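Notes follow the structure.
The values are calculated or read from the model by the stated rules, or taken from the named source; none is laboratory data. Nothing here was measured: the structure is a model prediction, and the numbers come from that model. In this analysis, Cβ positions are derived from the backbone assuming ideal geometry, glycine residues included, and neighbour counts consider all displayed protein chains. The protein model used for the area step is the full one, side chains on, heavy atoms only, and it has no ligands, DNA or RNA in it. Shrake-Rupley method; radii C 1.70, N 1.55, O 1.52, S 1.80 Å.
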Amino acid sequence: MVGHGSRLPYSKEFILKIAEKIKEKNIFPIVEVGLMEFNEPTIPQAIKNAIDKGAKKIIVVPVFLAHGIHTTRDIPKILGLIEDDGEEHHHHHHHHHEKINIPEDVEIIYREPLGADDRIVDIVIDRAFGR
């Protein structure tokens with residue numbers, strides 16, 4: 001799972017809590033969290049952790065609501081899925097620039113963000129009713 005990260009603790013706590021709930025379901029043998037900026041583990045650290053635990057197929061799910069510059073450019077660059085053109089987008093923070101060394105026998109699959117899923121609609125309705 002890839003999250004944005006934040007100077008405040010809530011973003012990291014939130015994604016770690018989701019990761020724990022996913023682990024409890026025993027669907028995936030390895031569940032790691034990587035944060036794009038401000039926090040650790042970084043995305044490269046999470047990928048390395050998964051590889052060190054024996055992962056040969058790493059499915060990366062961006063825990064973002066919608067596509068944006070982070071999901072379409074920054075994260076794919078960090079994962080080595082697109083070339084780094086040297087451009088930085090222009091808002092006032094930086095991303096982890098560690099390089100990931102992916103062994104040839106390890107596959108990285110990058111998925112879509114959460115999107116306008118009916119399950120999110122239900123959560124928004126619940127919040128509107130104070131639930």
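Across every pair of different alpha-carbon atoms, what Kirkwood hydrodynamic radius in Å does the chain reach?
Over the chain, the inverse of the mean reciprocal pair distance is 15.8 Å.
Compute the signed sum of charges (Lys and Arg +1, Asp and Glu -1) over the other residues within less than 14 Å, Cβ to Cβ, of P113.
0
Heads up, I need the accessible area for V61: 1.4 angstrom probe, whole protein in place, Å², nearest 10.
Rounded to the nearest 10, the figure is 50 Å².
If each DSSP helix of 4+ residues adds -39,500 (n - 2.57) and the sum is divided by the residues in the chain, what number results at 222 nm, nearest 500 deg cm²/dmol?
-9000 deg cm²/dmol
Mark the label point 7 Å from the Cα of D105 along Cα→Cβ and return the residues of region 33-55 whose backbone N is within less than 13 Å of it.
52, 54-55
Using a 1.4 angstrom probe, figure out how much accessible area the chain has per residue, in square angstrom, rounded to the nearest whole.
67
Please report the carbon-and-sulfur percent of the accessible area for the chain; probe 1.4 Å, protein heavy atoms only, DNA, RNA and ligands left out.
56
Return the distance in nm (one decimal) between the two label points of a simple spin-label model at A116 and A66, each offset 7 Å from Cα along Cα→Cβ.
Inter-label distance under the simple model: 0.9 nm.
For the chain, give the magnitude of the charge dipole about the Cα centre (Cβ charges: +1 Lys/Arg, -1 Asp/Glu; no others), in debye to the nearest 20.
Rounded to the nearest 20 debye, it is 560 debye.
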